[in-house]
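Visitor: What follows is a single structure, and I will ask about it in a moment.
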Amino acid sequence: MSTVASLPFIRPTNSFRRASRGTSRASAPRRASLQTVAADKNVLFDVPVSNNGARCRLIIYWKQLEDEFAITNPSEVGGLKSEEYLAMNPQGKMPLLMTADGLALPESEVISQWICDEYSEVGPELKPEDPETRAICALATRIHDVYIVPIQGCMYRGLMDVKTRADQLAEVAKQLDVIEGAMSLRDGPFVAGREPSTADAALFPTYVFIEYILPKHFGWKDVFAGRPRTAEWWEAMRLDTCGARVYGEIRGGLESWESNGRWQTVGVTDAVKDASFKWAY
Ligand SMILES: N[C@@H](CCC(=O)N[C@@H](CS)C(=O)NCC(=O)O)C(=O)O
């Protein structure tokens with residue numbers, strides 16, 4: 001059995017450390033940079049196009065907590081792979097939350113749950129009371145996190161052979177059906193029913209990617225065709241004020257990728273010309 005010590009990427013003495021946010025722990029090495037970012041606030045490291053980060057932003061918007069959070073580009077502390085950032089999150093990924101108390105908390109779902117727990121008295125609860133409904137939300141979130149997020153790069157990343165891209169795209173198509181099934185366990189329009197929850201925040205930003213990229217670059221006619229429950233949910237999320245805000249933030253990022261020729265550069269445009277693979281579902 002492996003131990004923590006035998007895993008080279010885990011540095012228990014160094015990672016997720018509490019940072020000094022006040023004067024009493026002035027020796028902490030990141031103090032100067034983080035204080036430049038924001039004093040006495042929770043700091044969310046993120047960029048607008050990030051779907052995982054948008055999950056946390058949507059929770060912040062729904063709960064009207066913007067005064068409590070500074071949303072900051074990781075470049076402010078040297079970027080995702082800088083020594084300073086890696087000391088807070090050894091995965092070198094965003095989002096990352098540095099709480100006002102100095103706990104470095106990565107992983108978007110963990111951050112979302114922390115916000116809901118820490119600010120349970122503020123705004124909508126976003127966590128269904130009923131155990132079965134809560135489990136359905138957790139299920140939809142987990143399917144998304146485990147089976148879609150790790151392969152979402154097939155829609156827009158480079159350094160990928162054509163077969164891997166096609167196989168992963170087929171898997172995305174399958175998982176959209178699995179999520180349709182999970183959503184169908186409750187009447188809508190949201191995943192949990194009539195009120196939004198953390199599950200909607202988890203899924204929606206990724207569907208903004210899917211709805212934009214798959215028709216435009218992979219020839220899909222309609223990503224919601226044959227998925228009526230997901231279609232109903234998508235409409236409700238688009239009509240929601242905070243949903244619309246996050247949609248605009250992510251779309252802005254995707255459109256600037258478009259104008260920079262991203263899908264040509266990463267090889268998607270050439271890959272889909274290979275008719276020996278299936279691209280549109
Ligand atoms: N499981 C992580 C995934 C985080 C993730 O993959 N973030 C992307 C942006 S959405 C990222 O940081 N990519 C940059 C990289 O991997 O270098 C979470 O839910 O927070």
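Visitor: Would you check if there is a residue in the stretch 55-63 being farther than 25 Å from residue 239 by Cβ, within 18 Å of the chain's Cα centre (by Cα) and either within 11 Å of the ligand (Cβ to nearest atom) or of a type outside the set (Ser, Thr, Tyr) (or both)? Spell out the reasoning first.
Guide: Step one: of the stretch 55-63, the residues farther than 25 Å from residue 239 by Cβ are none.
No.
Visitor: So for the stretch 201-219 (the condition being assigned by the TED database to the domain that holds residue 178, charged (D, E, K, R) and not in a helix (DSSP H, G or I)), does at least one residue qualify? I'd like the intermediate steps shown before the answer.
Guide: We begin by selecting, within the stretch 201-219, every residue assigned by the TED database to the domain that holds residue 178; these are 201-219.
Imposing the further condition that a residue be charged (D, E, K, R) reduces the set to 211, 216.
Then keep just the ones that are not in a helix (DSSP H, G or I); that gives none.
Taking every residue of the stretch 201-219 in turn, none turns out to be assigned by the TED database to the domain that holds residue 178, charged (D, E, K, R) and not in a helix (DSSP H, G or I).
Visitor: OK, next. Among the residues of the stretch 251-276, write down those that are of a type in the set (D, E, K, R) and part of a loop (DSSP other than H, G, I, E, B).
Guide: First, pick out the residues of the stretch 251-276 that are of a type in the set (D, E, K, R): 251, 255, 258, 262, 270, 273-274.
273, 274 - these are the residues of the stretch 251-276 that are of a type in the set (D, E, K, R) and part of a loop (DSSP other than H, G, I, E, B).
Results for (1) at positive phi; (2) at pLDDT 95 or above, shown as yes or no for each residue.
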residue	(1), (2)
19	no, no
25	no, no
29	no, no
49	no, yes
64	yes, yes
89	no, yes
97	no, yes
103	no, yes
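Visitor: Between a first residue in the stretch 106-127 that is exposed (fewer than 15 other Cβ atoms within 10 Å of the Cβ) and a second residue that is acidic (Asp, Glu), which pairs have beta carbons less than 7 Å apart while being 6 or more apart in sequence or on different chains?
Guide: The qualifying pairs are 124/195.
Visitor: With the requirement that a residue be surrounded by fewer than 17 Cβ atoms within 10 Å (Cβ to Cβ) and within 16 Å of the ligand (Cβ to nearest atom), what does the stretch 64-79 give you?
Guide: Hits for the stretch 64-79 are 73, 75, 78, 79.
Visitor: Condition check: touching a residue at least 60 places away in the same chain (Cβ under 8 Å), in a helix (DSSP H, G or I) and outside the structural domain of residue 113 (by the TED database). Does residue 234 satisfy that?
Guide: Working: touching a residue at least 60 places away in the same chain (Cβ under 8 Å): no; in a helix (DSSP H, G or I): yes; outside the structural domain of residue 113 (by the TED database): yes.
Judged against the criteria, residue 234 is not a match.
Visitor: Kindly check whether there is at least one residue in the stretch 159-168 that is more than 16 Å from residue 211 (Cα to Cα), of a type outside the set (Ser, Thr, Tyr), touching a Lys or Arg at 6+ places or on another chain (Cβ under 8 Å) and modelled with pLDDT of 95 or more. I'd like the intermediate steps shown before the answer.
Guide: Of the residues in the stretch 159-168, the ones more than 16 Å from residue 211 (Cα to Cα) are 159-168.
Those left that are additionally of a type outside the set (Ser, Thr, Tyr): 159-163, 165-168.
Next cut, touching a Lys or Arg at 6+ places or on another chain (Cβ under 8 Å) only: 166.
Of the ones still in play, those that are also modelled with pLDDT of 95 or more are 166.
Looking through the stretch 159-168, at least one residue is more than 16 Å from residue 211 (Cα to Cα), of a type outside the set (Ser, Thr, Tyr), touching a Lys or Arg at 6+ places or on another chain (Cβ under 8 Å) and modelled with pLDDT of 95 or more.
Visitor: Looking only at the stretch 84-103, which residues are crowded, with 21+ Cβ neighbours inside 10 Å, out of contact with any Asp or Glu (no Cβ under 6 Å at 6 or more places or on another chain) and not hydroxyl-bearing (Ser, Thr, Tyr)?
Guide: The answer is 88, 89, 96, 97, 98.
Visitor: Conditions first: (1) touching a Lys or Arg at 6+ places or on another chain (Cβ under 8 Å); (2) within 16 Å of the ligand (Cβ to nearest atom); (3) closer than 21 Å to residue 194 by Cα. Residue 128 passes all but one, so which condition is the exception?
Guide: (2)
Visitor: Looking only at the stretch 128-137, which residues are among the aliphatic types (A, V, I, L, M) and either under 9 Å from residue 186 (Cβ atoms) or crowded, with 19+ Cβ neighbours inside 10 Å (or both)? Please lay out each step first, then the result.
Guide: Within the stretch 128-137, the first condition is being among the aliphatic types (A, V, I, L, M), and the residues that meet it are 135-136.
Of everything in the stretch 128-137, just one residue is among the aliphatic types (A, V, I, L, M) and either under 9 Å from residue 186 (Cβ atoms) or crowded, with 19+ Cβ neighbours inside 10 Å (or both), namely 136.
Visitor: Which pairs have Cβ atoms under 6 Å, sit 6 or more apart or on different chains, and link a residue in the stretch 79-97 that is closer than 14 Å to residue 46 by Cβ and touching a residue at least 40 places away in the same chain (Cβ under 8 Å) to one that is near the ligand (Cβ under 9 Å from one of its atoms) and small (Gly, Ala, Ser)?
Guide: Short answer, once both residue conditions are applied: 94/50; 94/53; 95/53; 95/108.
The values are calculated or read from the model by the stated rules, or taken from the named source; none is laboratory data. Predicted model only: the values in this text are computed from it and were never measured. Neighbour counts run over all protein chains shown; Cβ positions are idealised from the backbone, glycine included.
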